[in-house]
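Reading through the structure tokens given below for one structure.
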Amino acid sequence: MRTMTLPLGKMRGALAAGLALAIGCFSLATGARGDDLLPADKPIPEAIDHYLSASLAKAKITPAPQVDDATFLRRAMLDLIGRVPSPPELKTFVESKETDKRAKLVDELIASPAYARYQAYELDLMLMAGGRDKSLKEYLNTAITENRSWDRIFKELLQAEGAGKAPAGAEVFLRERLD
């Protein structure tokens, strides 16, 4: 399988931005102040676990136990690339003794062309209700494959003014709502 490689710095940057958003939401939801936050040098997964655990504890919700490897693989593949694992993929993953195999799997799935295709499909379904014009789906697939930022994607969608003014396909989102 050929995979697209995303710059690790961009992936970490996206995770850091997601963490910043999660921290902001945590702060608003819990009334936490700056001195309640973890130091910036904490690893991202550790920080996310910390804030999620705190939110669950405050809501008096007991988290579900960690799932087995087969269930994790099935859920990760369905969520990220829209399909279940094949029997050989399942066997390889479950039998692997690597301690970081789950993180590696997620990185591999996100770097695969199937991830961009599936995310474009899902976004197209949400934005256009699966309409017949496939140019938006093509635009989204290209944007995700190129690792465009979400703010750029939404700017291109909302500021599209017709052919030549926006990337091909982006204008479809507005045209379908204004016509």
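In table form, for the structure just shown:
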quantity	calculated
Partners for Lys58 among aspartates and glutamates (Cα-Cα distance below 19 Å; same-chain residues under 8 apart left out)	Asp35, Asp36, Glu46, Asp49
When the stretch 36-94 is reduced to its Cα atoms, the Kirkwood hydrodynamic radius in Å	14.0 Å
Shape call, the stretch 48-161: gyration tensor on alpha carbons, a/c limit 1.5	oblate
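FYI, it's all coordinate maths here, none of it is from the lab. Nothing here was measured: the structure is a model prediction, and the numbers come from that model.
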